[in-house]
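This report concerns only the one structure given below.
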Amino acid sequence: MISERAKTVEAAATLAMSKLAKDMQANGIDVINLGVGESNFQTPKRIAQAAIAAIQAEQTSFYTPTSGIKALKQAIIDQVKQRFDADIAISNVTVTTGAKLSLYALMQVLVNPEDTVVAAAPLWVSYVEQIKLAGGILHTVKPTNDELKLTVADLNALPQKVKLVILNSPTNPTGQVYTRDEVTAILDWANQHGAYIILDEIYGQLVYNGAVFTSGLQIQALENSRMIIVDGVSKAYAMTGWRIGWTLASSDIISAMNKLLDHMTSNPTAVAQYAALAALTGDQDSVEEMRLAFEDRLNATYDLLNTVPGLQVAIKPQGAFYLFPKVTPEVLVAAGVKNTSELSMKILEEAHVAMPSGEGFGMPGYLRMGYAKDQTVLNEAVRRLTVFFEQYT
Ligand code: PMP
């Protein structure tokens, strides 16, 4: 029998929507899949070549250290120095099978049963289940500002003791970027309240139209702190499938994670680590090329999406690669659906566009549109959405 623990877990709404879309595509239906956080770019050739070279050099028949090969950890340290002028040590780094596993292992290491973990809604789907699996209690703050950002006022209003705060900037799914002052204020709050704080910086290199990303590493030192940084190569280097991410934290947290990871993965795939090493140490032009392409798509698609009747993106995203339009309540009534979850299924079935709904992100009433696609595909998606929504407005 399946364990009670496993029974409580919800499938990832994003992956479920994407699977439905792929099944429909396999049946010959022309579905536009805007469901999952994948880049439409290929991993740059030089990075793939480094993996091929690692296979040819037979870097495959042994376990690497659990925390990753030394060269990759050093490359991460060097990148942190170069991007944020921060000094961290090898003992502050562990490389994992995607940032997702970093986050999973962190919840296991930091959260005791009944501990309160706080994050702002809307939030990335996997935090919810990872916290649940650690026995923690997720308190989702519903921000009152239009940008849907967590504030110190929200944190001050919490009656209970907080063990861990999760801050994701740029945010999936809203694309908002927290300013330096905002990150500083939240870090100060965490320090004053003895709370741990995870800064999920996976989209840190993908900010647009002059927005400035602030890392926690620019604000405070890592060692002996309760600040934890999660990052990886999936988004900025179009390396989602390689599954390489990392955690940067005080060495006691890293040691505790490594003990767990010993029994979970032993190590992230060796060949993928060599690819990530090439990604971080080689020419960074591809990062800027992709960033510029995303910026163009954001600008074009944001304007287009706001012309779709019944959909509205109040505040323009500044980072990541998602738009999070709000659906007017009248549309739900006219379309004869109870909520945006049902609406997203109807859009998939009738308009053949896959977009997960806000429910999975803790914020019903919204849809999420990933714009890491060619502009022609995005234009066609908006055209289909316009036809669909015109029926109900
Ligand atoms: N954090 C956020 C906010 C994400 O959106 C994602 C990917 N969708 C991840 C972490 C996980 O990234 P990875 O591919 O490195 O596991």
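The values are calculated or read from the model by the stated rules, or taken from the named source; none is laboratory data. On a predicted model such as this, the values are computed, not experimentally measured, just so you know. Positions of Cβ are generated from backbone atoms using ideal geometry, with glycine treated the same way; all protein chains shown enter the neighbour counts.
Quick one: would you say LYS373 is free of Cβ contacts under 8 Å to residues at least 12 places away in the same chain, outside any helix (DSSP H, G or I) and not β-branched (Val, Ile, Thr)?
No, not satisfied.
So, GLY68, is that one in contact with a Pro (Cβ under 7 Å, 6 or more places away or on another chain) and at positive phi or not?
Taking the combined requirement at face value, the residue satisfies it.
Could you say whether any residue in region 127-139 is more than 14 Å from LEU167 (Cβ to Cβ) and within 11 Å of the ligand (Cβ to nearest atom)?
Yes.
Of the conditions (1) surrounded by 24 or more Cβ atoms within 10 Å (Cβ to Cβ); (2) in a helix (DSSP H, G or I), SER341 clears all except one; give me its number.
Condition not satisfied by SER341: (1).
What is the number of the single condition among (1) in a loop (DSSP other than H, G, I, E, B); (2) surrounded by fewer than 17 Cβ atoms within 10 Å (Cβ to Cβ) that GLU288 does not meet?
Condition not satisfied by GLU288: (1).
Of the numbered conditions (1) touching a strand residue (DSSP E or B) at 6+ places or on another chain (Cβ under 7 Å); (2) closer than 18 Å to PRO173 by Cα; (3) acidic (Asp, Glu), GLU359 fails exactly one; give the number of that condition.
(1)
Consider region 221-241. How many of its residues are near the ligand (Cβ under 9 Å from one of its atoms) and either farther than 30 Å from GLN49 by Cβ or surrounded by 22 or more Cβ atoms within 10 Å (Cβ to Cβ) (or both)?
7
Take the residues in region 68-97 that are among the hydroxyl-bearing types (Ser, Thr, Tyr) and within 16 Å of the ligand (Cβ to nearest atom), then tell me which one is surrounded by the most Cβ atoms within 10 Å (Cβ to Cβ).
THR94
For the subset of region 315-331 comprising residues that are in contact with a Leu (Cβ under 7 Å, 6 or more places away or on another chain) and over 12 Å from TYR366 (Cβ atoms), which member is nearest to the ligand (Cβ to nearest atom)?
ALA320
Return yes or no: is PRO325 under 23 Å from the mean Cα position of the chain (by Cα) and either without any contact (Cβ under 8 Å) to a residue 60 or more places away in the chain or more than 30 Å from TYR237 (Cβ to Cβ) (or both)?
Here the answer is yes, as PRO325 does meet what is asked.
Identify, by number, the condition in (1) within 11 Å of the ligand (Cβ to nearest atom); (2) at pLDDT 95 or above; (3) surrounded by 22 or more Cβ atoms within 10 Å (Cβ to Cβ) that LYS100 doesn't meet.
With respect to (1) within 11 Å of the ligand (Cβ to nearest atom); (2) at pLDDT 95 or above; (3) surrounded by 22 or more Cβ atoms within 10 Å (Cβ to Cβ), LYS100 is out only on (3).
Taking region 200-215, which residues are more than 11 Å from VAL230 (Cβ to Cβ) and either more than 15 Å from the ligand (Cβ to nearest atom) or not in a loop (DSSP other than H, G, I, E, B) (or both)?
Scanning region 200-215 gives VAL207, TYR208, ASN209, GLY210, ALA211, VAL212, THR214.
For region 1-45, how many residues meet the condition of being in a loop (DSSP other than H, G, I, E, B), more than 29 Å from LEU277 (Cβ to Cβ) and either more than 14 Å from the ligand (Cβ to nearest atom) or small (Gly, Ala, Ser) (or both)?
Residues in region 1-45 being in a loop (DSSP other than H, G, I, E, B), more than 29 Å from LEU277 (Cβ to Cβ) and either more than 14 Å from the ligand (Cβ to nearest atom) or small (Gly, Ala, Ser) (or both): 13 in total.
Report every pair of residues separated by at least 6 positions or lying on different chains whose Cβ atoms are under 6 Å apart, first residue within region 168-181 and touching a residue at least 12 places away in the same chain (Cβ under 8 Å) and outside any loop (DSSP other than H, G, I, E, B), second more than 11 Å from the ligand (Cβ to nearest atom) and not basic (Lys, Arg).
Matching pairs, first to second residue: ARG180/THR214.
Go through the residues of region 55-66 one by one and say whether even a single one is part of a helix (DSSP H, G or I) and away from the ligand (no atom under 16 Å from the Cβ). Before you say what the answer is, go through the steps one by one.
Taking region 55-66 first, the residues part of a helix (DSSP H, G or I) are 55-56.
Subsequent filtering for residues that are away from the ligand (no atom under 16 Å from the Cβ) retains 55-56.
The answer is yes, given that some residue of region 55-66 is part of a helix (DSSP H, G or I) and away from the ligand (no atom under 16 Å from the Cβ).
Counting only residues that are surrounded by 19 or more Cβ atoms within 10 Å (Cβ to Cβ) and away from the ligand (no atom under 16 Å from the Cβ), how many does region 103-115 have?
Of the residues in that region, 4 qualify.
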